[in-house]
């Protein structure tokens, strides 16, 4: 017989308060809702955006092609995406056409004609300059991501080098133009002209820099995107 001293002490009973330890139904419903929203949101928005582009190009091509020449006149039904395919093929063929000598001559004559039309010359010229800067391989727009000390000393802002300028003859140092976008909209911002020595170069690609601005810093690199390894 064991003495009272050697008898094992009874273990305290573990009390489980189900109402306190388990999450409430409202919390679970809210968590599941936002989880589903984060998972389905990019898929749904991508599908909606693609459908908008397809419908827009289909309607645009349908407005140009006479009804008797449309495929639906022979097949009896519409083909979704045919307008988008037609637009891509047409732009490719037009690009091949204007790439030769006669095509470039025609484009130059057309540019001169548009430059003589009031009001239209400003719109046409502005759009052409923007497209040449963004899409042309020779353009310097958004070719380099940098950091600059802005808006105050000790604070740094991400910017995009858009080119250089020689409008400062008294300055021997190279002057660069840096565009600072207002996130999440990258089409508005400040354009600063500053010496190259004031610019902090980075190894950030243009795509990663744009993602940082659009997502307000939530996505810093491609691996931060959902589904990226």
Between residues in the stretch 172-200 that are not assigned by TED's automatic domain parsing to the domain that holds residue 213 and residues that are loosely packed, with under 13 Cβ neighbours inside 10 Å, which pairs lie under 8 Å by C-beta distance while being six or more apart or on different chains?
-> none
For the stretch 1-103, list the helices (runs of 4 or more DSSP H) that sit wholly inside it and hold at least 3 residues that are at pLDDT 85 or above; which are they?
-> 25-64, 82-98
Being under 24 Å from residue 202 (Cβ atoms), surrounded by 13 or more Cβ atoms within 10 Å (Cβ to Cβ) and modelled with pLDDT under 85 is the filter here, so list the residues in the stretch 104-149 that pass it.
-> 133, 139, 140, 141, 142
For residues in the stretch 184-201 being more than 23 Å from the chain's Cα centre (by Cα) and outside any strand (DSSP E or B), which is nearest to residue 146 (Cα to Cα)?
-> 199
Name every residue in the stretch 202-218 that is more than 14 Å from the chain's Cα centre (by Cα) and either outside the structural domain of residue 155 (by TED's automatic domain parsing) or surrounded by 13 or more Cβ atoms within 10 Å (Cβ to Cβ) (or both), in order of residue number.
-> 202, 204
Top-ranked residue of the stretch 150-183 - restricted to ones that are in contact with a helix residue (DSSP H, G or I) (Cβ under 9 Å, 6 or more places away or on another chain) and part of a loop (DSSP other than H, G, I, E, B), ranked as farthest from residue 207 (Cα to Cα) = 173
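The values are calculated or read from the model by the stated rules, or taken from the named source; none is laboratory data. Please read these numbers as outputs of a predicted model, since none were measured by experiment. Cβ coordinates were reconstructed from backbone atoms using ideal geometry, including for glycine residues, and neighbour counts include every protein chain displayed.
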